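Asks: Handing you a structure now.
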Number of protein chains: 4
Amino acid sequence: MDGTARTGVAIVGLGGAVATTAVAGVEMMKLGGVGTEGLPLADVGGLVPYTSLVFAGWDVNGDDLAKAAEGHGVLDHRQIEAAGQALAGIEPWPAVADPEYCRNARGTNLVAVPALRDRVAHIVSDLRRFRRDHDLETLTVVNLASTERWPDLTLPALASAEGFESALDADDAAITPGMLYAYAAITEGAPYVNFTPSASADVPALLELAEQRGVPVAGKDGKTGQTMMKTVLAPAFRSRALTVDGWYSTNILGNRDGEVLDDPASLSSKIATKGSVLDDILGYEVPDHVVRIDYYRPRGDEKEAWDNIDLVGFLGQRMQIKVDFMARDSVLAAPLVLELVRLVVEAQRRGEGGAQEQLGYFFKAPTTRDGSRPEHALYRQEQVLRDWIAAGAA
Amino acid sequence: MDGTARTGVAIVGLGGAVATTAVAGVEMMKLGGVGTEGLPLADVGGLVPYTSLVFAGWDVNGDDLAKAAEGHGVLDHRQIEAAGQALAGIEPWPAVADPEYCRNARGTNLVAVPALRDRVAHIVSDLRRFRRDHDLETLTVVNLASTERWPDLTLPALASAEGFESALDADDAAITPGMLYAYAAITEGAPYVNFTPSASADVPALLELAEQRGVPVAGKDGKTGQTMMKTVLAPAFRSRALTVDGWYSTNILGNRDGEVLDDPASLSSKIATKGSVLDDILGYEVPDHVVRIDYYRPRGDEKEAWDNIDLVGFLGQRMQIKVDFMARDSVLAAPLVLELVRLVVEAQRRGEGGAQEQLGYFFKAPTTRDGSRPEHALYRQEQVLRDWIAAGAA
Amino acid sequence: MDGTARTGVAIVGLGGAVATTAVAGVEMMKLGGVGTEGLPLADVGGLVPYTSLVFAGWDVNGDDLAKAAEGHGVLDHRQIEAAGQALAGIEPWPAVADPEYCRNARGTNLVAVPALRDRVAHIVSDLRRFRRDHDLETLTVVNLASTERWPDLTLPALASAEGFESALDADDAAITPGMLYAYAAITEGAPYVNFTPSASADVPALLELAEQRGVPVAGKDGKTGQTMMKTVLAPAFRSRALTVDGWYSTNILGNRDGEVLDDPASLSSKIATKGSVLDDILGYEVPDHVVRIDYYRPRGDEKEAWDNIDLVGFLGQRMQIKVDFMARDSVLAAPLVLELVRLVVEAQRRGEGGAQEQLGYFFKAPTTRDGSRPEHALYRQEQVLRDWIAAGAA
Amino acid sequence: MDGTARTGVAIVGLGGAVATTAVAGVEMMKLGGVGTEGLPLADVGGLVPYTSLVFAGWDVNGDDLAKAAEGHGVLDHRQIEAAGQALAGIEPWPAVADPEYCRNARGTNLVAVPALRDRVAHIVSDLRRFRRDHDLETLTVVNLASTERWPDLTLPALASAEGFESALDADDAAITPGMLYAYAAITEGAPYVNFTPSASADVPALLELAEQRGVPVAGKDGKTGQTMMKTVLAPAFRSRALTVDGWYSTNILGNRDGEVLDDPASLSSKIATKGSVLDDILGYEVPDHVVRIDYYRPRGDEKEAWDNIDLVGFLGQRMQIKVDFMARDSVLAAPLVLELVRLVVEAQRRGEGGAQEQLGYFFKAPTTRDGSRPEHALYRQEQVLRDWIAAGAA
Ligand SMILES: NC(=O)c1ccc[n+]([C@@H]2O[C@H](COP(=O)([O-])OP(=O)(O)OC[C@H]3O[C@@H](n4cnc5c(N)ncnc54)[C@H](O)[C@@H]3O)[C@@H](O)[C@H]2O)c1
Ligand SMILES: NC(=O)c1ccc[n+]([C@@H]2O[C@H](COP(=O)([O-])OP(=O)(O)OC[C@H]3O[C@@H](n4cnc5c(N)ncnc54)[C@H](O)[C@@H]3O)[C@@H](O)[C@H]2O)c1
Ligand SMILES: NC(=O)c1ccc[n+]([C@@H]2O[C@H](COP(=O)([O-])OP(=O)(O)OC[C@H]3O[C@@H](n4cnc5c(N)ncnc54)[C@H](O)[C@@H]3O)[C@@H](O)[C@H]2O)c1
Ligand SMILES: NC(=O)c1ccc[n+]([C@@H]2O[C@H](COP(=O)([O-])OP(=O)(O)OC[C@H]3O[C@@H](n4cnc5c(N)ncnc54)[C@H](O)[C@@H]3O)[C@@H](O)[C@H]2O)c1
Ligand code: NA
Ligand code: NA
């Protein structure tokens, strides 16, 4: 594969902080302004080149990406200038949205049709037009939209592929916008990545559909800051037989993602994906595991995560660790998004459909094929990923 | 093997904080007061049981271990009471020492003979008496003495086994007390563990000797607090392509170990073993890696390590992590010492002599057979160790 | 005044962590085991001596104070032993309580009478008996009970002394248990200290009554940890023209006080008293001031408060300060309680009744006579207090 | 006084980070781009306006201030642009320097004459030309040069004004460059501010001279970050009877100031001025007060100061506070420099010569007239300053 190959990436939430950062990065690479520093798989051969990616997508906010990037305050002055022209040329398509599922996300760039089947048709026609206009070789869909409220997974609408089809016909309120995008992607044969904590493709109905159609899907909830650190530290505590008696985590963030999480319904989706990580790694239930996420404007996109860890060691003696991670939320996320796109394209090339378990490395709540508990330890996930990559090269 | 088997452990620095904590732990296990919580390999079969260990050793300070433990302030009130009687019955043998190599360690419980060969003979007779008196099945020697000044490794005395023998005859000042204990252990066929940053057995001459005699040796410098954390975090940063632009580490500790490190000569041995870990893991030279160790009395044995890490991510954007580890220094060290004893006994059982590379998991500066750079990433070291253990069981 | 003088202190919440710590401290002073270290006004002449204090009081939990102290884990082994006998001799009287106002506080040591007037009579008879039995010279009442839900201050019952009397007759649900104790104290002429964030005497009705009767009252909510630090740091930021753009505060605590604050109603009383401190000191509204209190068991009484402060300096440049205060909650509180008792006794001696504004130094939400905004800067409060003390000496 | 009045400010170290930040700020004010935010005395009437200040001065580095500012990385992109033209017009005069007293400061913009009297003459002629060219009403000199090694204050050269004159004649090596600038300023009747930890005017000889000539002098070592925090926190600990058992302070900074402090001689001057602050405020000697300053490049001008404070409270119970101050070193310093200039001009207007004790608020090691221990508590210093200001207005 070469740099002229056309790998389409249709992003839900195209005007968001993570999306604009990912797009700006690739546009700067195309211009030769930046290299592949900060990209975890830059050294891996055989994947489509970063510069082969072409971006488009939907957002409830219709601003072009230059304007959006300006607002997010992630890129610096010089970077906005460098990527500005390319970004200004990208305008989000009208989006499918539902305030029932995401209260704080607001915008006017909306698809006017209410019926679910019509909404799907709209998304499908966007994808086809994108494919045609850019003569794309492959097309992936990535969910980077604001976090949606968690649905009731036991409803028949979400329990089977068949139930989902009937629910679409019936305009069933159980179906979220995120599921419509996922459904459209899968039926169009486009690999689908869910970087958000929303249910989206991660419901039995859509996983079944992806399996049937042989379309790769990956999710859910990008593992970037505090949770990534947990999956690095907890295995070491286990290894050294240091018992975790409590782990208190608080996050302060001031970007739009943080504003959305001020809605308790969206927040609980987020916290759910953060939750079981520790117990799964440690092999016992941590008696006190508290996770807080607070919107705090001055922090902007520079999310800060403060952790206090209470450990019990030999002879029952107690220790404490404090970790303060002053991260750039979108800067951590964007390279993972780019790698995920390259990897689901590769999975499709290999003919591997359904939930891509080998991509657990990228997610807080990795999807498993059989619903079993996923591996969470970062280094083990990396091993699985590297093995899968190597297997393809062989 | 059963609990009645007699595994002798002769400790250099028997009255120190780490040694008394390790001994107290085993004595409490023997009394049934504590279980095997906090011991990393408690789940591994086939190693000698913790309760088979019998302790003795040398210290320049002649206080019995109950009195020593009282002074260290590591064990709590209740634990001192529980282990008190057993500890009171253990008195360190007179030690071989040299103020040239460790200025701040002071004491009067000293072997009066100055000639090196006589000193070795003294140590050897201690070991034989210990073996005899307790009818030991196996005997190991563990170095837990205060850190010595770093010697000049290029001197002929330290370069070959032959050179070392001549140097012993000549009372060569290049030979440190730590080396005498190691030499005695090796010539007596006793596996030797160097938990300190002192050179000790970790010089070409003694490694050659251990190889010749088929005696397992392991070292050096137990990996407990800040450095352990580095070998957990750095692999993750590398994995996520986060470049470490600087890492500032400061340690404050107020135990006797800290006092000794107030001597710049001892300190530089310690800092040397902490040094190259990062670069080796990351695969590039960290431009600013600063390590400070300061004696600070109020902290006592509750060492505190504060780290600031400067990271550069995607698009050159900067992030910071602060880690504050409020550890119990000796509580982290003691279980590692107990596991090391069990593992070198196992190596001897398997007939594996010389530097035990599979034990790198326990050390800041793991000895390698051929002097090549060791693996430092904790999870990879653990894999190597677990594989070695499994290989023996098979 | 001398040490044999009898200053009675009747504590609401006598079995609580703060109360037992205060009582234990005085009992140890009486035994000569500890001096006056840690007591802010130990150097001030003219106040009743600490050792003149005699303690009694109410608690919904009937355990004697030795047993209570055991449970709180504030005093160390040695201290429990030293004060044990004295503490074992103190048993709380049955208490007046109401789950409507404090859900999480549970116990069986309760006054069985439901009518408000009968409850007041019960409290009054306790006070009189205490006075008589110990031949007390003076008697004060201190509220150290669990935090109650905040009442509606606009209700007629709380708006005037007259309204309050009618409400008592009518068993009006607007009256909290905390108010009954305060009412009883005031009508008995006993100075009253409210160390809790509960409304208690800090309602117009009872302040009016205290004024009428010439009884000193002081409150509210002891200023010990994070808020004290705020009233130390904020004046400095103002002085140096560093604008506070945001202040994020989180508290984790695992004592019973923390459990009670897990009830959102009690929590909101607590957060209310913490709230306005910053704006009042700085002279502008801090755009983002977030305060969190979380129950987190492993912390026990060793409350931890983590603060992130965002500052804007010269030329609009941004700075950050992080403060991590690992306090002993009750150890900070107990000496303030002892000083407050001595100071309200002094106020009564001087014939000064009503709200004691000069005691703002001790409180998060100092009561003012005219409802005006109180001074919050610690050093200014200290000046006011020292001036008042000096004025009495003159 | 009005904005057109001409207040000359001749800065030693004009191209440094603090100096360029101060100059840029005033130039932006003149252009109307920024207001007086961040200036502690912006609300005080009667002082010369900020915009009346005209800057010039010396630096061993001859770059104009635009280029210098570019290098320091203190001002942001937008600010460099705004102030650029004004800054580009300011070029440092050749400086008087001596590698014996400041090893790491290097440059080629040097006064070639070696004799001390000639050097003084050179500085004096610079000052006269500056006064003339700008038709200055008043002229002050501010020391913002790199920290010099500490001199031997007991030498006759530094002990009296007379001794100093003889030493000048004799080209005595006891006299530092910093003293030459101070001497020139005083003899020219120009108020002199020493913002650095160098001895400079703060030697008996020059204080005597300033007194004789009635010229105000102020110093020494601007109190900006960690030390300022100490003088805010320590009075509160004292007030609350919390005993400071230890205080560990480490500083990491990566600007040129930090590089200079990598020279142990310069460093010890800096640490000396930081030292006694705590003990003076607390009234007892803190058993363990450790101060570290480390050069750490990634931090740049964003100095980071981490403090660990060990406290002992009521009943001997222990607590800890950690403070992490991520400051902008020059941003904290520049406004203090501007206020100091306005205040020494005011002192001169009032005819007050010699050491200006009322300016202790600005300094780590405030000069006192009689060599007595200065007041260090920030709030008391502020009171003294505000009283002095008010006295002048009256
Ligand atoms: N480190 C990280 O940033 C990180 C990590 C894990 C997960 N995530 C998740 O990634 C997502 C994006 O994060 P972000 O920081 O870019 O958030 P953001 O708020 O900046 O972007 C979200 C975008 O989605 C748009 N949007 C909302 N509803 C939509 C809809 N129905 N259709 C189309 N667009 C819609 C919004 O207008 C917005 O532009 C969030 O769900 C976040 O929780 C981010
Ligand atoms: N986490 C840890 O505690 C840790 C980690 C890595 C390495 N270490 C190393 O382990 C060693 C022991 O640490 P510690 O905290 O117990 O120190 P310690 O100071 O409490 O104990 C050292 C003991 O060695 C004795 N000693 C000194 N010279 C001796 C000699 N020549 N012969 C016999 N005894 C001698 C001293 O008297 C003392 O009792 C130190 O070298 C330390 O650097 C400790
Ligand atoms: N630093 C501090 O500890 C601090 C600071 C400010 C305020 N306070 C306040 O002081 C109070 C006491 O704190 P604590 O840590 O001792 O709490 P605690 O929970 O240990 O003690 C409270 C006691 O009050 C008792 N109680 C509850 N309702 C009662 C009633 N109606 N009558 C009589 N007793 C009753 C409880 O049984 C308990 O023993 C709390 O309100 C707390 O918010 C504490
Ligand atoms: N917060 C603060 O920044 C702060 C606080 C207290 C004290 N100080 C002191 O202020 C001084 C300036 O700090 P900075 O950060 O601007 O440092 P800097 O290194 O950026 O500037 C010092 C300047 O002095 C120049 N210089 C050196 N020797 C000289 C000489 N003999 N004559 C003329 N110029 C000379 C250097 O070339 C440099 O441009 C330092 O001494 C520092 O210790 C700074
Ligand atoms: Na140790
Ligand atoms: Na500086």
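The values are calculated or read from the model by the stated rules, or taken from the named source; none is laboratory data. None of these values were measured; they are calculated from a predicted model. Note that each Cβ is placed from the backbone with ideal geometry, even for glycine, and that neighbours are counted across all protein chains shown.
Asks: For the range D:242-254: of the residues being buried (at least 21 other Cβ atoms within 10 Å of the Cβ), of a type outside the set (Phe, Trp, Tyr) and under 28 Å from D:Leu282 (Cβ atoms), which is nearest to ligand 6 (Cβ to nearest atom)?
Replies: If we take residues in the range D:242-254 being buried (at least 21 other Cβ atoms within 10 Å of the Cβ), of a type outside the set (Phe, Trp, Tyr) and under 28 Å from D:Leu282 (Cβ atoms), then D:Leu253 is nearest to ligand 6 (Cβ to nearest atom).
Asks: Which one is nearest to the other protein chains (Cβ to nearest Cβ), of the residues in the range B:341-364 that are closer than 27 Å to A:Leu378 by Cα and buried (at least 22 other Cβ atoms within 10 Å of the Cβ)?
Replies: B:Tyr361
Asks: crowded, with 24+ Cβ neighbours inside 10 Å and charged (D, E, K, R) - does that describe any residue in the range A:193-204?
Replies: Looking through the range A:193-204, at least one residue is crowded, with 24+ Cβ neighbours inside 10 Å and charged (D, E, K, R).
Asks: While we're looking at this one, here's another question. When you scan the range D:4-17, do you find a residue that is more than 16 Å from ligand 1 (Cβ to nearest atom), within 14 Å of another protein chain (Cβ to nearest Cβ) and not β-branched (Val, Ile, Thr), even just one?
Replies: Yes, the range D:4-17 has at least one match.
Asks: Just one of C:Ile175, C:Ile186, C:Ile252 is at pLDDT below 95 and of a type in the set (Val, Ile, Thr); which is it?
Replies: Checking each option against the conditions leaves just C:Ile252.
Asks: Do we find a residue being of a type in the set (Ser, Thr, Tyr) and either crowded, with 19+ Cβ neighbours inside 10 Å or more than 21 Å from A:Arg213 (Cβ to Cβ) (or both) anywhere in the range A:158-166?
Replies: no
Asks: Working only within the range B:116-136, note down all residues that are more than 16 Å from B:Val12 (Cα to Cα) and among the aromatic types (Phe, Trp, Tyr).
Replies: Across the range B:116-136, there are no qualifying residues.
Asks: Does B:Leu206 fit the bill of being at pLDDT 95 or above and either out of contact with any strand residue (DSSP E or B) (no Cβ under 8 Å at 6 or more places or on another chain) or within 16 Å of ligand 6 (Cβ to nearest atom) (or both)?
Replies: no
Asks: Go through the range A:348-394 and give me each residue that's in contact with a strand residue (DSSP E or B) (Cβ under 9 Å, 6 or more places away or on another chain) and at positive phi.
Replies: A:Gly354
Asks: Any idea how many residues of the range C:160-190 are within 16 Å of C:Pro99 (Cα to Cα) and either of a type in the set (Asp, Glu) or part of a loop (DSSP other than H, G, I, E, B) (or both)?
Replies: Selection size over the range C:160-190: 6.
Asks: Take B:Ala22 and decide whether it is crowded, with 24+ Cβ neighbours inside 10 Å, of a type outside the set (Val, Ile, Thr), within 16 Å of ligand 5 (Cβ to nearest atom) and modelled with pLDDT of 95 or more.
Replies: yes
Asks: Another question, then. Look at the range D:114-159 and say how many of its residues are part of a loop (DSSP other than H, G, I, E, B) and touching a helix residue (DSSP H, G or I) at 6+ places or on another chain (Cβ under 6 Å).
Replies: Of the residues in the range D:114-159, 6 are part of a loop (DSSP other than H, G, I, E, B) and touching a helix residue (DSSP H, G or I) at 6+ places or on another chain (Cβ under 6 Å).
Asks: Something else now. Please determine whether any residue of the range B:67-80 is surrounded by fewer than 23 Cβ atoms within 10 Å (Cβ to Cβ), assigned to a loop (DSSP other than H, G, I, E, B) and among the polar types (S, T, N, Q).
Replies: Taking every residue of the range B:67-80 in turn, none turns out to be surrounded by fewer than 23 Cβ atoms within 10 Å (Cβ to Cβ), assigned to a loop (DSSP other than H, G, I, E, B) and among the polar types (S, T, N, Q).
Asks: Just to be sure before I move on: is B:Pro298 surrounded by fewer than 21 Cβ atoms within 10 Å (Cβ to Cβ), more than 23 Å from the chain's Cα centre (by Cα), within 14 Å of chain D (Cβ to nearest Cβ) and more than 16 Å from ligand 5 (Cβ to nearest atom) in the structure I sent?
Replies: no
Asks: On to the next question. Please work out which residue is farthest from ligand 1 (Cβ to nearest atom), limiting yourself to the range C:18-56 and to residues that are of a type outside the set (Phe, Trp, Tyr) and part of a strand (DSSP E or B).
Replies: So the residue we want is C:Val54.
Asks: Residues D:Ala305, D:Ala327: which one is within 16 Å of ligand 4 (Cβ to nearest atom), under 20 Å from the mean Cα position of the chain (by Cα) and either closer than 17 Å to B:Ile293 by Cα or surrounded by fewer than 21 Cβ atoms within 10 Å (Cβ to Cβ) (or both)?
Replies: Sole residue among the options that is within 16 Å of ligand 4 (Cβ to nearest atom), under 20 Å from the mean Cα position of the chain (by Cα) and either closer than 17 Å to B:Ile293 by Cα or surrounded by fewer than 21 Cβ atoms within 10 Å (Cβ to Cβ) (or both): D:Ala305.
Asks: Among residues belonging to the range C:26-61 that are buried (at least 18 other Cβ atoms within 10 Å of the Cβ) and small (Gly, Ala, Ser), point out the one that is farthest from ligand 4 (Cβ to nearest atom).
Replies: Restricting to residues being buried (at least 18 other Cβ atoms within 10 Å of the Cβ) and small (Gly, Ala, Ser), the top hit is C:Ala56.
Asks: Next question, about the same structure. Has the range A:222-230 got at least one residue that is surrounded by fewer than 24 Cβ atoms within 10 Å (Cβ to Cβ) and more than 18 Å from the chain's Cα centre (by Cα)?
Replies: Looking through the range A:222-230, none of the residues is surrounded by fewer than 24 Cβ atoms within 10 Å (Cβ to Cβ) and more than 18 Å from the chain's Cα centre (by Cα).
Asks: Only residues that are touching a helix residue (DSSP H, G or I) at 6+ places or on another chain (Cβ under 9 Å) and within 14 Å of chain B (Cβ to nearest Cβ): list them for the range A:35-51, please.
Replies: Answer for the range A:35-51, where residues must be touching a helix residue (DSSP H, G or I) at 6+ places or on another chain (Cβ under 9 Å) and within 14 Å of chain B (Cβ to nearest Cβ): A:Gly35, A:Thr36, A:Glu37, A:Gly38, A:Leu39, A:Pro40, A:Leu41, A:Ala42, A:Val44, A:Tyr50.
Asks: Out of the residues in the range C:255-295 that are at pLDDT below 75 and among the polar types (S, T, N, Q), which is surrounded by the fewest Cβ atoms within 10 Å (Cβ to Cβ)?
Replies: Within the range C:255-295, the match that is surrounded by the fewest Cβ atoms within 10 Å (Cβ to Cβ) is C:Ser268.
Asks: So, one more: List pairs: first residue in the range A:300-329 and without any contact (Cβ under 8 Å) to a residue 12 or more places away in the chain and over 23 Å from B:Asn251 (Cα atoms), second residue surrounded by fewer than 24 Cβ atoms within 10 Å (Cβ to Cβ) and acidic (Asp, Glu) anywhere in the structure, Cβ distance under 9 angstrom, at least six positions apart or on different chains.
Replies: Filtered contacts from the range A:300-329: A:Leu315/B:Glu37; A:Leu315/B:Asp76; A:Gly316/B:Glu37; A:Gly316/B:Asp76.
Asks: Which of the following residues is within 15 Å of ligand 4 (Cβ to nearest atom), among the hydroxyl-bearing types (Ser, Thr, Tyr) and within 14 Å of another protein chain (Cβ to nearest Cβ): D:Thr196, D:Thr227, D:Thr176?
Replies: Only one candidate passes the filter, namely D:Thr227.
Asks: Restricting to the range A:283-302, give me the number of residues that are under 30 Å from B:Ala333 (Cα atoms) and part of a strand (DSSP E or B).
Replies: Summing the residues that are under 30 Å from B:Ala333 (Cα atoms) and part of a strand (DSSP E or B) in the range A:283-302 gives 3.
Asks: In addition: So which of B:Ala218, B:Ala241 ends up being more than 14 Å from chain D (Cβ to nearest Cβ), small (Gly, Ala, Ser), within 16 Å of ligand 1 (Cβ to nearest atom) and outside any helix (DSSP H, G or I)?
Replies: That would be B:Ala241, the only listed residue that is more than 14 Å from chain D (Cβ to nearest Cβ), small (Gly, Ala, Ser), within 16 Å of ligand 1 (Cβ to nearest atom) and outside any helix (DSSP H, G or I).
Asks: What tally of residues in the range D:303-313 results from selecting those that are outside any strand (DSSP E or B) and either within 9 Å of chain B (Cβ to nearest Cβ) or over 17 Å from B:Trp306 (Cβ atoms) (or both)?
Replies: 1
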